[in-house]
1. Among what's in region 214-235 and is among the small types (G, A, S), outside any helix (DSSP H, G or I) and surrounded by fewer than 18 Cβ atoms within 10 Å (Cβ to Cβ), pick the residue that is nearest to the ligand (Cβ to nearest atom).
2. For region 105-127, which residues satisfy the criterion of being assigned to a loop (DSSP other than H, G, I, E, B) and either acidic (D, E) or at pLDDT below 95 (or both)?
3. Assess whether E490 counts as being within 16 Å of the ligand (Cβ to nearest atom), in a helix (DSSP H, G or I) and charged (D, E, K, R).
4. Pick out the one residue from T126, T143, T120 that is among the hydroxyl-bearing types (S, T, Y), open to solvent by less than 10 Å² (accessible area, probe 1.4 Å) and more than 16 Å from the ligand (Cβ to nearest atom).
5. Among (1) in contact (Cβ under 8 Å) with a residue 40 or more places away in the chain; (2) surrounded by fewer than 20 Cβ atoms within 10 Å (Cβ to Cβ); (3) among the β-branched types (V, I, T); (4) within 13 Å of the ligand (Cβ to nearest atom), there is one condition T211 misses while meeting the rest; what is its number?
6. How do the pairs read when you match residues in region 359-383 that are open to solvent by 30 Å² or more (accessible area, probe 1.4 Å) with residues anywhere that are assigned to a loop (DSSP other than H, G, I, E, B) and of a type in the set (F, W, Y), using Cβ under 7 Å and keeping only pairs 6 or more apart or on different chains?
7. State whether the residues of region 243-258 include one that is modelled with pLDDT under 95, assigned to a loop (DSSP other than H, G, I, E, B) and within 16 Å of the ligand (Cβ to nearest atom).
Amino acid sequence: MSTLTTSSAWLSLQDHLPVMAKQNLRELFTQDPNRFKSFSLKLNDILMDYSKHPISQSTINLLLELARQQGLEEKISEMFCGGRVNFSEDRAALHFALRREDALILDGVDIMPEIHDVLTKMERFTSSIRNGERKGYSGKAFTDIVSIGIGGSNLGPVMVTEALKPYSADHISSHFISNIDGTQLSTILKKLNPETTLFIIASKTFTTQETMANARAARKWFLAQGGSEKIIADHFVAVSTNRMEVEKFGINADNIFKFWDWVGGRYSLWSAIGLPIALSIGMENFYLFLKGAREMDQHFIAAPMERNLPVILGLIGIWQINFFGNKSHAILPYDQSLHRFPAYLQQLEMESNGKRIDRSGNEVDYSTGAIVWGEPGTNGQHAFYQLLHQGTQITPADFLAPCISHNPVDNQHRLLLANFIAQTEAMMQGKKKNEICEEYEVELSEESPIKDTFKKTIPHKVFPGGRPTTSILFKKLDPKTLGSLIALYEHKVFVQSVIWNTNPFDQWGVELGKQLTGKVLDELKNEMQITSHDSSTNGLINYFKENR
Ligand code: G6Q
C-alpha cells in the first residue's frame, strides 16, 4: 500500500465517501438555497461553479486537508521559485516565467531578460509581416503562414489561433501541418502561392520525425515552385532550442526564435512556439494573452486554497477520479471558436498526468489522470450526451461558455446558453418516474388508447440525475480571458500531480512507439516476408507489403 492511500487525509475521504454517495444532488440543492454561493468562485470575469458535484463543506475541508498533507502550498512555491519539479529529467518547469514580469533567478542568473529579448524579436518580426514591410522573394507581402510542428508544438497554437479568430488579421491566413500523413501537407500547399507563403518550423528538438519530414517536403515544394536555396532565408523561420540542427536545415540564424529546455512542449504556447498566434492576432493581443495567464499565476500563488480556482478544480477532479472512480472527463465548450480546446486539454492532462510511477520510483496503487475528451456544444448534445445522461458510467464534465458572443446572429447566443444551462441542470436533476407520470397524465389515463404501450416506455424516459458538472462562464472569449483559462487548467494539472506524487512535466510514455517505428520502418523498405515479431505484428507488416 502506498503512503498516499494509507495516509490519514486519504482514509478520512474514504470514510466520508459513503455519506456523499448516498446523498441526492437534487436534494442537496433543496436543503441549501445558498449552495451556488458556497461552491462557486470568481476571478476577474471568470465564474467557476462547482456546486453540481456531490460535495459538502466537509468534503472540501477533507480535500484541502489532503492537499496540505501532500504539501501543495510548498510545491507551488517550489515550482514558482524555479525548483527542479520535473524530477525525472532533473529540470525546472518554468512555463510561467514566459508570462512573468519580474526577475526569476535560475542557477544564479536572471532568465527574464532573455525571455523579453525573444518577445521583442517576435514583436519586430510580427509587425514587419503584418504591415507588409517584410516581403517574399518577388516583393509581395506575405498572405499565408504555414506552421509545421506536432504535439506541443502544434496543439496550443492551433487551438488559440482558432479561438481568437475575431482578433486575427484579415489579410493573413494561418495554416497548420502536423500529421506525417501527406494528406494534410498536400491539401494545404496546393492552395498556396510560394511567393507569399511563410513557413514556421516549430520544433523544440528539431529532430521530430513528422515535423522534419513535413519541413523537408515543404522546402521541396517551395524549390519546385521556383524558389531557390538562397531565398529559403526569406521564407522559412524556425522556433527551436536546437540551433545547430536548424542551421543545418538551411535556416538563417536571424530567423531562429529560441526557447529553452525548461519549457515542456505542451506548456510552450507562451514562448516563441506561439509565433503563429502572434502573427494572427498581433503582438499587443499576444501580450494580453500572457497577461491573462499571469493573473491566473498570481491568483494560484496568493489566493487561499479554499478560494483558489486551480486548487479547487484539481481537488474536485481527485474526488471524482479517486473516490467516486469516475475515470473519464468531458470538456464541453459552448463556443465554436473553442473547438480545439478539448484536444488541447487532452494532451495537457493526459500527457502530464497519465503516469503510474511516483517520485520515489514506485508503482502507484491509485488512479491518476482521467481520459479527457470532448466536443463543442450543442453538437455533442446530438451525438454522445445520451451516454452522459443515461449511460451506466458517470462522466464528470466541464461546461465552458462566454456570456457575450463575437458573432451574435439573431438570438442564437441566447439559444446556445439556454442549452448549456439546461444540460447542466438536466444532468444534475434528472427526471424521476413520478415526474414522467405527471407530465404524461393524458397519455397514461384510463381512456388513453396508447396507455399500455406508453407505460412500457416509462423506464426508458427516466433520467437518474446526479451527473456531476463544473460550469465555467466568462464574459467574452478575448485574449486575456483565454490566457487565464489555459493557465487555470495548467495549474489544475499541477495540483493533481502533487496529490498523486507524480511528475506532470515528463512524457516517457511516448518513447517506445518512436523506437519501434524505426525498426518497422527498416523492414518496410524491402519486399521480404517478416517473421521477427509476434504473429500479429508480422501479419500486419506482411499484409501491408502485399497490398501497398
Ligand atoms: C509535449 C511533448 C510532445 C512534443 C512533440 C513535438 O509536451 O513533449 O507533444 O511537443 O513531440 O516535439 P518537438 O517540439 O521537439 O518537435
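The values are calculated or read from the model by the stated rules, or taken from the named source; none is laboratory data. Since we're looking at a predicted model, the values are computed, not measured. When we count neighbours, we look across all protein chains shown, and the Cβ atoms used for this are built from the backbone with ideal geometry, even at glycine. Heavy atoms of the whole protein, side chains included, go into the accessibility calculation; ligands, DNA and RNA do not. Shrake-Rupley method; radii C 1.70, N 1.55, O 1.52, S 1.80 Å.
1. Of the residues in region 214-235, the ones among the small types (G, A, S) are 215, 217-218, 224, 226-228, 233.
The next check asks that each one be outside any helix (DSSP H, G or I); those that pass are 226-228.
Filter once more, keeping what is surrounded by fewer than 18 Cβ atoms within 10 Å (Cβ to Cβ): 226, 228.
Numbers: G226: 29, S228: 27 Å.
Among those that are among the small types (G, A, S), outside any helix (DSSP H, G or I) and surrounded by fewer than 18 Cβ atoms within 10 Å (Cβ to Cβ), it is S228.
2. Start the filter on region 105-127 by keeping residues that are assigned to a loop (DSSP other than H, G, I, E, B), which leaves 107-108, 111.
Residues satisfying the conditions are D107, G108.
3. Working: within 16 Å of the ligand (Cβ to nearest atom): yes; in a helix (DSSP H, G or I): yes; charged (D, E, K, R): yes.
Considered against the rule, which asks whether it is within 16 Å of the ligand (Cβ to nearest atom), in a helix (DSSP H, G or I) and charged (D, E, K, R), E490 comes out as yes.
4. Only one candidate qualifies: T126.
5. (2)
6. Qualifying pairs under 7 Å: R359/F87.
7. The answer is yes, given that some residue of region 243-258 is modelled with pLDDT under 95, assigned to a loop (DSSP other than H, G, I, E, B) and within 16 Å of the ligand (Cβ to nearest atom).
Each row is one residue, and each column tells you yes or no for (1) over 28 Å from G354 (Cα atoms); (2) outside any helix (DSSP H, G or I).
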{"residue": "R467", "(1), (2)": "no, yes"}
{"residue": "K475", "(1), (2)": "yes, yes"}
{"residue": "I486", "(1), (2)": "no, no"}
{"residue": "N503", "(1), (2)": "no, yes"}
{"residue": "D506", "(1), (2)": "no, yes"}
{"residue": "S536", "(1), (2)": "no, no"}
{"residue": "G539", "(1), (2)": "yes, no"}
{"residue": "K545", "(1), (2)": "yes, no"}
